[in-house]
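The values are calculated or read from the model by the stated rules, or taken from the named source; none is laboratory data. For clarity, every value in this text was computed on a predicted model and none was experimentally measured. Positions of Cβ are backbone-derived with ideal geometry, glycine not excepted, and every protein chain shown enters the neighbour counts. The area values use the complete protein model at the heavy-atom level, side chains included, leaving out ligands, DNA and RNA. Shrake-Rupley method; radii C 1.70, N 1.55, O 1.52, S 1.80 Å.
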Amino acid sequence: MVTDHSRAPVLEALVDYHRRKRLAFTPPGHKQARGADPAVREVLGDAVFLGDVLASGGLDDRLTRGRVLERAEELMADAVHAEDTFFTTCGSSLSVKAAMLSVAGPHEKLLIGRDAHKSVVSGLILAGIEPVWVEPRWDARLHIAHPPSAEDFESAFDAHPDAKGALVTSPTPYGACAALAEIAEACHRRSRPLVVDGAWGAHLPFHPDLPTWAMDAGADICVTSIHKMGSGLEQGSVFHRRGELVPVDVLKTRADLLGTTSPSVLIYAGLDGWRRQMALHGRDLMGAALDLAAEVRAAIEEIDGMHVHDRADFCGEGLADDFDPLPVIIDIAGLGITGFRAADWLRDNRALDTHLVDHRRIGAQITHADDRGTADELLAALKDLARAAPGLAAGPRVDVPSPAELRMAQALPPRDAFFGPTEDVPAEDAEGRVAAEMITPYPPGIPAVLPGERLTAPVLRYLRTGLDAGMHLPDPTDPTLATIRVAASDQEAAK
């Protein structure tokens with residue numbers, strides 16, 4: 001049967017809802033904008049409220065007999081070569097937890113790349129899954145982590161044959177990609193599933209010049225954020241499934257356990273519309289984005305003090321296996337300022353927001369929404385930054401540890417450390433203690449400290465100097481890092 005990707009069930013149901021002039025005595029209480037604050041309506045416009053209806057008992061009937069959401073998910077699955085797809089409105093932070101819980105449960109092991117997002121660690125804490133950390137491939141020269149190799153996962157499985165599966169992040173926020181087919185083979189040889197946190201890879205199925213898509217590489221579950229590189233609304237996420245290693249009913253029940261009972265139809269509509277857009281026009285749109293990104297990269301490379309990381313920087317022996325060129329990652333070390341200082345200057349002086357920011361880089365992602373106009377604005381702002389840089393204070397230096405110094409021993413399971421007895425100690429007394437909280441430079445959101453890790457001086461110094469330089473740390477109990485939350489001494493003694 002030929003699938004009709006010109007259809008958009010959620011959007012069509014919204015049109016029908018308004019055509020029939022349905023009168024709701026249900027949530028949401030704004031009643032199609034009528035009760036919304038006038039000042040809010042002025043800023044947001046009434047279209048937002050008109051699209052905000054109940055998913056069941058509104059968009060569909062109370063028994064969902066119209067299968068509106070199901071039909072939209074089936075179309076999405078077909079578009080990305082999955083057997084099943086599920087929409088979520090709580091971001092990939094929820095989707096990846098549902099995926100993890102469908103593979104492993106309390107006190108069971110899961111192989112996980114240590115470059116995982118903080119949402120993965122949150123899943124470990126909530127579920128009580130025991131992580132077996134698989135080391136990323138660290139580039140000591142650039143101070144950047146790339147996904148673990150298939151050989152790394154093979155070795156981890158050999159050491160932990162009772163592990164229930166594996167989770168790898170690909171692409172990373174920097175655009176580095178793993179050898180997913182080889183990692184999937186390492187899992188499947190042992191009848192274990194592979195979960196791919198592909199939050200940054202929703203666009204990958206739609207052009208042959210992009211890195212391999214997880215479903216095509218043999219992954220069992222892949223999580224994607226449509227709002228990152230696609231054109232869905234914030235929090236719009238999907239997870240895709242195929243194969244027999246993760247039963248569809250298990251994945252559905254785990255998602256239902258975590259998901260909201262009040263999903264946003266606005267977000268559903270964005271997911272549905274994006275799928276239609278990509279299914280009908282994705283190759284042309286992604287091709288244009290790739291061409292534009294190549295031009296932007298070449299032009300930035302001509303700006304003194306800037307270098308755009310490319311395949312030669314990221315791929316090779318001991319590095320990443322593939323590379324997505326759309327996250328344009330710019331090394332500005334040659335300007336003599338930090339990425340934090342550069343990002344702040346661009347926002348304050350050129351009204352331009354970058355995304356990924358670290359001690360020496362800024363990221364300017366290119367998507368299918370960009371064009372020559374936005375590219376020219378970016379390039380003009382970067383040239384202005386290069387001219388202004390000599391007059392800017394360099395800012396505090398970030399003391400970045402070596403790869404070996406970044407890794408700390410896991411002394412307690414993350415759940416035990418997080419929920420067990422804790423105390424807050426002065427940062428200068430935290431070395432040697434077991435962390436009871438996450439501490440995460442954001443973006444990209446990869447924790448430097450996990451609950452249960454034994455704190456070391458190099459990591460504490462990295463976070464302290466990073467904070468002084470402008471690093472954003474959203475999750476420690478004390479945002480100033482004057483104190484660190486650690487496992488209480490009596491719990492450490494009991495381990």
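Among the residues of the stretch 181-220, what is the count of those that are part of a helix (DSSP H, G or I), open to solvent by 10 Å² or more (accessible area, probe 1.4 Å) and within 14 Å of PRO147 (Cα to Cα)? So the count comes out to 2. Among residues of the stretch 101-127 that are among the β-branched types (Val, Ile, Thr), those with a Cβ under 7 angstrom from a residue that is open to solvent by 30 Å² or more (accessible area, probe 1.4 Å), sequence gap 6+ or separate chain, pair up as VAL103/LYS164; ILE112/TRP133; ILE125/ARG415; ILE125/PHE418.
Can you find a residue that is modelled with pLDDT under 95, buried (at least 17 other Cβ atoms within 10 Å of the Cβ) and of a type in the set (D, E, K, R) anywhere in the stretch 244-261? Checking the stretch 244-261: at least one residue is modelled with pLDDT under 95, buried (at least 17 other Cβ atoms within 10 Å of the Cβ) and of a type in the set (D, E, K, R). Return yes or no: is ASP46 on the phi < 0 side of the Ramachandran plot, without any contact (Cβ under 8 Å) to a residue 24 or more places away in the chain and either of a type in the set (Asp, Glu) or in contact with a helix residue (DSSP H, G or I) (Cβ under 7 Å, 6 or more places away or on another chain) (or both)? Judged against the criteria, ASP46 is a match.
Just checking, does the stretch 71-85 include any residue being open to solvent by 40 Å² or more (accessible area, probe 1.4 Å), over 22 Å from ALA199 (Cβ atoms), outside any helix (DSSP H, G or I) and in contact (Cβ under 8 Å) with a residue 40 or more places away in the chain? Checking the stretch 71-85: not a single residue is open to solvent by 40 Å² or more (accessible area, probe 1.4 Å), over 22 Å from ALA199 (Cβ atoms), outside any helix (DSSP H, G or I) and in contact (Cβ under 8 Å) with a residue 40 or more places away in the chain.
Quick check on the stretch 342-359: of everything there that is part of a helix (DSSP H, G or I), open to solvent by 30 Å² or more (accessible area, probe 1.4 Å) and touching a residue at least 24 places away in the same chain (Cβ under 8 Å), which residue is farthest from THR172 (Cα to Cα)? The qualifying residue farthest from THR172 (Cα to Cα) is ASN349. Scan the stretch 286-341 for residues that are part of a loop (DSSP other than H, G, I, E, B) and open to solvent by 20 Å² or more (accessible area, probe 1.4 Å) and the total you get is 11. Would you confirm, using the coordinates I've provided, whether SER225 is surrounded by fewer than 24 Cβ atoms within 10 Å (Cβ to Cβ) and under 24 Å from PRO325 (Cβ atoms)? No. When ASP376, ASP370, ASP384 are screened for being surrounded by fewer than 15 Cβ atoms within 10 Å (Cβ to Cβ) and either closer than 28 Å to ALA469 by Cα or modelled with pLDDT of 95 or more (or both), only ASP376 passes.
Within the option set SER93, SER6, being small (Gly, Ala, Ser), part of a loop (DSSP other than H, G, I, E, B) and open to solvent by 20 Å² or more (accessible area, probe 1.4 Å) holds for one residue only, SER6. The helices (runs of 4 or more DSSP H) found entirely in the stretch 388-478 that carry 2 or more residues being at pLDDT 95 or above are 414-419, 457-469. Specify the residue that is most open to solvent (accessible area, probe 1.4 Å); the eligible residues are those in the stretch 407-444 that are closer than 30 Å to HIS355 by Cα and of a type outside the set (A, V, I, L, M, F, W, C). Applying the filter and picking the extreme gives TYR442.
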